[in-house]
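Visitor: Submitted below is the structure of interest, expressed as structure tokens.
Values in this text are rule-based calculations from the coordinates and carry no lab data. On a predicted model such as this, the values are computed, not experimentally measured, just so you know. Glycine also receives a Cβ, built like all others from the backbone with ideal geometry; neighbour counts cover every protein chain displayed.
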Amino acid sequence: MAEITYVIDAKEKKQPGKFGKGGAYAQAYGLYFSSFAGGAVIGPIWAGFMEQREV
């Protein structure tokens with residue numbers, strides 16, 4: 001989450017008000033949570049595929 005927050009802060013400094021008066025922390029959290037959930041779904045599938053392929 002920290003890396004996404006750093007990017008959001010940098011973009012906000014370059015273009016103040018780009019994300020509205022509230023900023024984009026909710027969007028950043030949504031992006032973080034979506035990527036975490038995607039990894040939780042795809043990770044085990046990928047690991048199973050690799051395990052079957054090695055045998």
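Visitor: Which log10 I(q)/I(0) values, to two decimals, does the chain give at q = 0.13, 0.20, 0.32 Å⁻¹ under the Debye formula with one point per Cα?
Guide: One equal scatterer on each Cα of the chain leads to -0.48, -0.73, -1.15.
Visitor: Explain nothing, just the number: dipole magnitude of the range 2-54 about its Cα centre with +1 on each Lys and Arg Cβ and -1 on each Asp and Glu Cβ, in debye rounded to the nearest 20.
Guide: 420
Visitor: For helix 2-14, report the angle its Cα long axis makes with the longest principal axis of the Cα atoms of the chain; keep it between 0 and 90° and round to the nearest 10°.
Guide: 30
Visitor: Now for a different question. Are there trypsin sites (Lys or Arg not before Pro) in the chain that DSSP marks as loop and that have at most 14 other Cβ atoms within 10 Å, and which are they?
Guide: Of the trypsin sites (Lys or Arg not before Pro), the ones in loops of the chain whose Cβ has at most 14 other Cβ atoms within 10 Å are LYS18, LYS21.
Visitor: Helix 25-54 sits at what angle to the longest principal axis of the chain, using alpha carbons and giving 0 to 90 degrees rounded to 10?
Guide: 10
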